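J.: Starting off with a structure, shown below.
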Amino acid sequence: MEIEIDLSGDWIEYLRSEITTAGYSVGATDSPDDLSYKFFNIRKRRVHPLRRSVHESSRISCPQEHQSGYAALKSKFNNGEDVTPHLSKTILSDNYEDYLLNDWGIHHFHLGENISNGFAGRTGPLLFALVANSDVYCIDVKAHGAWSEQELIRTLHEEWPEVIANYRINGVLGLAHQPTNEDIAKLRKAGVQTMVQVDEGVVYGPIGGGYSTAGTSVQSQMLADRYHRLVRDIEKHVKENTDMFIEKIREHGLEPENKPHFQLLVDEKGFHVVEVGSRVAFLVHPHDQG
């Protein structure tokens, strides 16, 4: 049966809409690959508003003058409020690459309490934290510029080794050359990936997924590629099982268009294909499937 379907095109239009809705621009010359990477890199850099349990390391030390702001930020995490105002103003740029985040998966937050022009007051001391879906791990409050301090990874290891266990390099006794913090900063700019040794026989790879030689996020690129394949596979599934989809539509007492027309719909539940004529939606890939 001949059908009309272009789920890859629908996916790109979805990405375009999501990017512009988030307040970023989409260039006329942006390719599908550009849009895919931009979408996932923006999503990586922003912190989706969700209720999160706050965990604090035993070594965290916040200056007295910023303790009120720190407490307010923790409350926002607990309540699922938007913490975007506490991020760097580089969040306004859709093509900025955050080396700390790309390498170690660590966000940094300003501790100002007053919001002006969409941002909290800028502070010298910053909260460095690892943000997960339901938890935030507050590592320490450090000076602006502590982007390559290996003490951040050491604290994660000492306080919450189970959280970063997947990034520990097994079977490694140690690094032949242990880079200094300054070495890591320089190597990041050169696009050279480093490992971090926090103790004898304890070495961690890039918790943030790492970065390419161009400094771009490997994790964001892998997600872009993964979802491109997913959408392509869904389209193949629909084409190979069109009769089944049509039968399901008719079980509801409905009829598809003379030439069945399927489109992609993405919502909070997952990926659906919708037959336009009957308006029947099929959930083909729930988000909890990964």
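Readers should treat all values here as calculations from the given coordinates under stated rules, not as data from a laboratory. In this text the structure is predicted, and so the values were computed from the model without any measurement. Cβ sites come from the backbone with ideal geometry, for glycine too, and all protein chains shown count toward neighbours.
J.: Would you compute, from DSSP H runs of 4+ residues alone, the mean residue ellipticity of the chain at 222 nm, taking -39500 (n - 2.57) per run and dividing by the full residue count, rounded to the nearest 500?
T.: -10500 deg cm²/dmol
J.: Then there's this: Across the chain, how many lysine pairs, 8 or more positions apart or on different chains, have C-alpha atoms separated by under 24 Å? Please give the number.
T.: 27
J.: Rounded, prolate or oblate: which fits the stretch 131-218 when a ≥ b ≥ c are the square roots of the eigenvalues of the alpha-carbon gyration tensor, with rounded for a/c under 1.5 and prolate only if a/b beats b/c?
T.: Rounded, since a/c falls under 1.5.
J.: Kindly state, to the nearest 0.05, the FRET efficiency for Ser212 paired with Val163, given R0 = 22 Å and r defined as their beta-carbon distance.
T.: E(calc), rounded to 0.05, equals 0.30.
J.: All other residues with a Cβ under 13 Å from the Cβ of Arg59 taken together, and with Lys, Arg as +1 and Asp, Glu as -1, what is their net charge?
T.: Result for the neighbourhood of Arg59: -4.
J.: Would you please give the FRET efficiency between Ala190 and Asn78, computed as 1/(1 + (r/R0)^6) with r the Cβ-Cβ distance and R0 = 45 Å, to the nearest 0.05?
T.: The calculated FRET efficiency here is 0.70.
J.: Assign one of three labels to the stretch 220-289, namely rounded, prolate or oblate, based on the Cα gyration tensor with a ≥ b ≥ c the square roots of its eigenvalues; rounded applies when a/c is under 1.5, prolate when it is not and a/b is larger than b/c, and oblate otherwise.
T.: In terms of gyration-tensor shape, prolate.
J.: Now for a different question. Val202's amide H: which non-local residues (gap 5+, or another chain) put their own amide H closer than 5 Å, with H modeled 1.01 Å from N in plane and none for Pro or chain starts?
T.: Under 5 Å from the amide H of Val202 lies no amide H from a residue far enough along the sequence or on another chain.
J.: Using 0.36 nm per residue, how much length does the chain from His261 to Lys248 gain when fully extended, once their Cα-Cα distance is taken away?
T.: Contour length minus Cα-Cα distance gives 3.2 nm.
J.: A further question follows. Mind jotting down the three principal axis lengths of the chain based on Cα atoms? Whole angstrom, largest first.
T.: Reported extents, whole Å, longest axis first: 68, 47, 37.
J.: So, one more: Near Met244, within a Cβ-to-Cβ distance under 13 Å, what is the net charge of the other residues, with Lys and Arg +1 and Asp and Glu -1? Please list the in-between numbers first.
T.: Details: positive: Lys239, Lys248, Arg250; negative: Glu240, Asp243, Glu247, Glu251, Glu275.
Spelling it out: positives minus negatives among the neighbours equals -2.
J.: Could you compute the FRET efficiency for Tyr96 and Lys269, with r as their C-beta to C-beta distance and R0 at 25 Å, rounded to 0.05?
T.: Efficiency, from the Cβ-Cβ distance: 0.20.
J.: Can you compute the modelled spin-label distance between Asp288 and His144, with each label point 7 Å from Cα toward Cβ, in nm?
T.: In this crude label model, Asp288 to His144 measures out at 4.4 nm.
J.: Would you mind calculating the relative contact order of the chain from Cα pairs under 8 angstrom and at least 6 residues apart, reporting the percent as a whole number?
T.: RCO, the chain: 19 percent.
J.: Also: Between Asp140 and residues 5 or more places away or on another chain, which pairs have amide H atoms under 5 Å apart, with H built 1.01 Å from N, and which residues are they?
T.: Here Phe128 satisfy the definition.
J.: Looking at Met195, Tyr211, Val141, which one has the Cα that reaches farthest to the positive end of the dipole of the chain (charges on Cβ: Lys, Arg +1; Asp, Glu -1)?
T.: Val141
J.: Restricting to DSSP loop positions (anything but H, G, I, E, B) with no more than 16 other Cβ atoms inside 10 Å of their own Cβ, which GluC sites (Glu not before Pro) remain in the stretch 107-196?
T.: Of the GluC sites (Glu not before Pro), the ones in loops of the stretch 107-196 whose Cβ has at most 16 other Cβ atoms within 10 Å are Glu113, Glu162.
J.: Report the paramagnetic label zone for Ser68: residues of the stretch 101-129 whose backbone N is under 11 Å from a point 7 Å from Cα along the Cα-to-Cβ axis.
T.: 113-114
J.: Cβ under 11 Å from Val141's Cβ, Val141 left aside: what net charge do those residues give with Lys, Arg +1 and Asp, Glu -1? Show your work: numbers first, answer last.
T.: Working: positive: Arg59, Lys142; negative: Glu56, Asp140.
Summing Lys and Arg as +1 and Asp and Glu as -1 gives 0.
J.: A follow-up question, please. Give me the one-decimal nm value for the distance between modelled label points at Ile115 and Val54, 7 Å along each residue's Cα-to-Cβ direction.
T.: Inter-label distance under the simple model: 1.7 nm.
J.: Consider just the alpha-carbon atoms of the stretch 18-57 and return their Rg together with their Dmax, both in angstrom.
T.: Both quantities, over Cα of the stretch 18-57: 14.1, 46 Å.
J.: Dipole size in debye (nearest 20) for the chain around its Cα centre, Lys and Arg Cβ +1, Asp and Glu Cβ -1?
T.: 620
J.: Taking the Cα centre of the chain as the origin and placing charges on Cβ (Lys, Arg +1; Asp, Glu -1), which of Ser25, Leu15, Pro179 is farthest toward the positive end of the dipole?
T.: So the residue we want is Pro179.
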